[in-house]
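Here the structure is laid out as structure tokens; the discussion comes afterwards.
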Amino acid sequence: MPLSVLSDFRQGGPFSASMTAFHPLTQPSMKLNRRTLSALLAGAPLLSLAQAGAETMTPPAALHIENIPAIPKDLAQRMAAYTEFRGHGFADWHPTKAEMLVSHRAAGASTAQLFRLDAAMGELKPVTQGPEPAGGGSYEPKAGRYIVFARSSGGNEVTQLYRQGFDGAAALQITHSDERNGFAGWRKPQGEIVYTSVPIDRTAQGGTRSKIITSFWAVDPEAKDPIQARRKLVELEGGGWGGSVSEDGKRMALSKYISANESQLWVMELEGEQAGKPMQLLPKPGSSEAKAVYFGSFLPDSRTLLVATDRFGEFRELTVLDAKTQELQRITAHIPWDISGGDVSADGRTLVLQANADGRDEMHWVDTRSWKELPLPKVAAGSVGSTRFHPSLPLLAYSVSSPKGPSQLYVLDDKGVSQPWSKAAVPAGIDTQAFADTEIVRWKSFDGLPISGLMNRPPAHFKGKRPVLISIHGGPEGQATVGFLSRWQYFVQELGLVLIQPNVRGSSGFGKSFLAMDNGFKREDSVRDIGALLDWIKTQPELDAERVVVVGGSYGGYMSLAVATHYSERIAGAIDVVGISHFVTFLNNTESYRRDLRRVEYGDERDPAMRAHLEKISPLSNAHRIKKPLFVIQGKNDPRVPYTEAEQIVAKVREQGTPVWYLRADNEGHGFAKKENSDYMQWAMLLFMQQTMLR
């Protein structure tokens, strides 16, 4: 039984509504041949290569391109190797067999799909297919006769759930197309799934909703007409609800997400007289306790609740809720980091937990009879991704990634032996073991606050001061974590750039006080953290402070634009990927189910003082201060940061005479999920950096 609710709540539950990853570092990297690389480092513009008669790449049909030079075909071909790092993600165990459901992008495929893997290092057997990526994936829990998985179209995040068998027949959609749906779990004995649905703005009068309702439904996925057969369990106000079903299918733990710093824990019976009547457990109704986060999940006994909370200190620890006293017993107070995920064995005796230690997820084991930590079995080195006990066999699946390799799957047996089950695809001729480890660097900000970041250095044969690429995560309550850089490794390994991923104030993983330091009127303090980073770069003899480009996705896109307005004279250029350009227009136009959740973070634009502040600090209001080249990248179907945010900043900066490149994908949303689009985006980024900091 996965403790999915121990992780930060994401809209849509365990099956993420977005099949894309907006942060550019999640997209795999590229490589130049030595001839082109030598020309590049010698200062020969790649644009001149195309003008000299070299064949150029034909852009994918869905891309809208403005002011971006043609991509030399030879360059793209030589880069191809770095686009073919392909790891594996764990989705689910088969209920009775040593077989797992795996997420993977096959060779030559555009998107990730789901596969069956029934032996260590065995053949991947395709389950899902189609032009859109498949997300999540869960076996029917009695005999594993079919799976339920999630998929949206063109990045629109209007997620639908599907039933998919193993006979080669097409998947059957089992949810309503006019709703955004999220899988919450199985009622295993009853043969039903529970899922959430939220109506979307395109079905509302006027294209927006003043009130958001989350509905919880139960349905047998094998019903003749699952949409007609579904039963409504409850309607709850707001868009931040998620749930976890007990093993006996008789109750649910409900989490009401209010912000990254506050949530509530409720419980609801699914049968009997109290069915459909949620009861708030934490914080206790009427309590005056400070804001805290609470996420709950049942142990296999279907009565005991595990609760992740930061109520007792800076970090999110695991506790047990006493059913009689309603008090919390602390379990992981000795671990000075956020508990970020975990799972419980089928017999309920062992917990495997993940703790986010300075950006690297570490594994911990706990005995549920004594609630004491157990010695850690010998596991593969690296940052732990997912962990999942088999429901009927003494096996634990876990994934591991590191700066030296993409995600791979391992299985630990009851004898403590760990065996690899998958091997990530690494292109011939690239030795990932030669990639340098990620370092943690630290500097002090304008107010003395310590800030840290991850830094990747190029090979030693690159001499002299190195150009710097600053990549800022989204969220804003995201975190730059240690892992494989994928295609972005090209910039480090082959171009000799230094990559720095800062965790500015407001990032998760460093305590709840740090997390709240950028809220509301303090928004630009995080931008000043980047100013302090630029100061630090200037003091480093191996870094070239005159050749710095900043890039970021989503909130990181806003940060890139903000850095371009505040520190234009100190950077060579900025790349904004699906970023916010004006907080008021963003809050007005983002999907309604997200609006109130974002207001807590950014500020409520309906308040006159806050509105004036948001107007003042928005990059669009300060576009005249952007003097260095700008590259804006956007998905047309983005429901989070609408494409109008990109187009208004492009137009405004161009009015000032500053060079602006614009790349929009009409079949993508909050980031590029399709390989052909990601490839073109990365080639264009290379050209942009070549014309700004690699001259």
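The values are calculated or read from the model by the stated rules, or taken from the named source; none is laboratory data. What you see is a predicted model; the values in this text were computed from it and never measured. Reconstructed Cβ throughout: ideal geometry from the backbone, glycine too, with neighbour counts over all protein chains shown. Surface areas here come from the heavy atoms of the whole protein model, side chains and all, with no ligands, DNA or RNA. Shrake-Rupley method; radii C 1.70, N 1.55, O 1.52, S 1.80 Å.
Can you list the strands (runs of 3 or more DSSP E) lying wholly within the stretch 319-410 that have 3 or more residues being under 30 Å from Leu499 (Cα atoms)?
Values: elements: 328-330, 338-344, 350-357, 360-367, 372-374, 383-389, 395-402.
In the stretch 319-410, the matching strands (runs of 3 or more DSSP E) lie at 338-344, 350-357, 360-367, 383-389, 395-402.
Could you tell me which residue of the stretch 620-644 is surrounded by the fewest Cβ atoms within 10 Å (Cβ to Cβ), considering only residues that are in contact (Cβ under 8 Å) with a residue 60 or more places away in the chain and in contact with a His (Cβ under 7 Å, 6 or more places away or on another chain)?
Arg640
Hey, among the residues in the stretch 505-553 that are among the aromatic types (Phe, Trp, Tyr) and closer than 27 Å to Lys616 by Cβ, which one's most open to solvent (accessible area, probe 1.4 Å)? Walk me through it before giving the result.
Pass one, the stretch 505-553, residues among the aromatic types (Phe, Trp, Tyr): 510, 514, 521, 536.
Filter again for closer than 27 Å to Lys616 by Cβ, leaving 514, 521.
Working: Phe514: 23, Phe521: 122 Å².
Looking at residues that are among the aromatic types (Phe, Trp, Tyr) and closer than 27 Å to Lys616 by Cβ, I get Phe521.
Please specify each residue of the stretch 164-176 satisfying the condition of being open to solvent by less than 60 Å² (accessible area, probe 1.4 Å) and modelled with pLDDT of 95 or more.
Our first condition is that a residue be open to solvent by less than 60 Å² (accessible area, probe 1.4 Å); within the stretch 164-176, this holds for 164-165, 169, 171, 173-175.
Within the stretch 164-176, Gln164, Gly165, Ala171, Gln173, Ile174, Thr175 qualify.
Just the residues that are open to solvent by less than 50 Å² (accessible area, probe 1.4 Å) and either modelled with pLDDT under 95 or among the small types (Gly, Ala, Ser) (or both), please, taken from the stretch 605-619. Walk me through how you get there before you give the answer.
Within the stretch 605-619, the first condition is being open to solvent by less than 50 Å² (accessible area, probe 1.4 Å), and the residues that meet it are 605, 610, 613-614, 617-619.
Ser618, the sole residue that qualifies.
Only one of (1) of a type outside the set (Lys, Arg); (2) modelled with pLDDT of 95 or more; (3) over 22 Å from Asp343 (Cα atoms); (4) surrounded by fewer than 18 Cβ atoms within 10 Å (Cβ to Cβ) fails for Gly286. Which number is that?
(2)
Checking Phe85 against (1) surrounded by fewer than 18 Cβ atoms within 10 Å (Cβ to Cβ); (2) modelled with pLDDT under 95: exactly one of these is not met. Which one?
Condition not satisfied by Phe85: (1).
Counting only residues that are surrounded by 20 or more Cβ atoms within 10 Å (Cβ to Cβ) and not in a loop (DSSP other than H, G, I, E, B), which one in the stretch 66-75 is modelled with the highest pLDDT?
Here the answer is Pro72.
Test Thr304 against the stated conditions and say whether it is open to solvent by 20 Å² or more (accessible area, probe 1.4 Å), over 22 Å from Arg505 (Cα atoms) and in contact with a Ser or Thr (Cβ under 9 Å, 6 or more places away or on another chain).
Numbers: open to solvent by 20 Å² or more (accessible area, probe 1.4 Å): yes; over 22 Å from Arg505 (Cα atoms): yes; in contact with a Ser or Thr (Cβ under 9 Å, 6 or more places away or on another chain): yes.
Yes: the conditions hold for Thr304.
Please name all residue pairs, on different chains or six or more residues apart, with Cβ atoms under 6 Å, provided the first residue is in the stretch 247-265 and is within 29 Å of Pro391 (Cα to Cα) and the second residue is open to solvent by 30 Å² or more (accessible area, probe 1.4 Å) and acidic (Asp, Glu).
Lys250/Glu271; Arg251/Glu269
State which residue is modelled with the lowest pLDDT when the search covers only the stretch 184-202 and only residues that are under 11 Å from Ser592 (Cβ atoms) and open to solvent by 20 Å² or more (accessible area, probe 1.4 Å). Break it down stepwise before answering.
Taking the stretch 184-202 as the starting set, the residues that turn out to be under 11 Å from Ser592 (Cβ atoms) are 198-202.
Now restrict to residues that are open to solvent by 20 Å² or more (accessible area, probe 1.4 Å): 199, 202.
Values: Pro199: 93, Arg202: 84.
Per the stated criteria, the residue is Arg202.
Could you check how many residues of the stretch 180-210 are without any contact (Cβ under 8 Å) to a residue 24 or more places away in the chain and either hydrophobic (A, V, I, L, M, F, W, C) or closer than 26 Å to Arg145 by Cβ (or both)?
1
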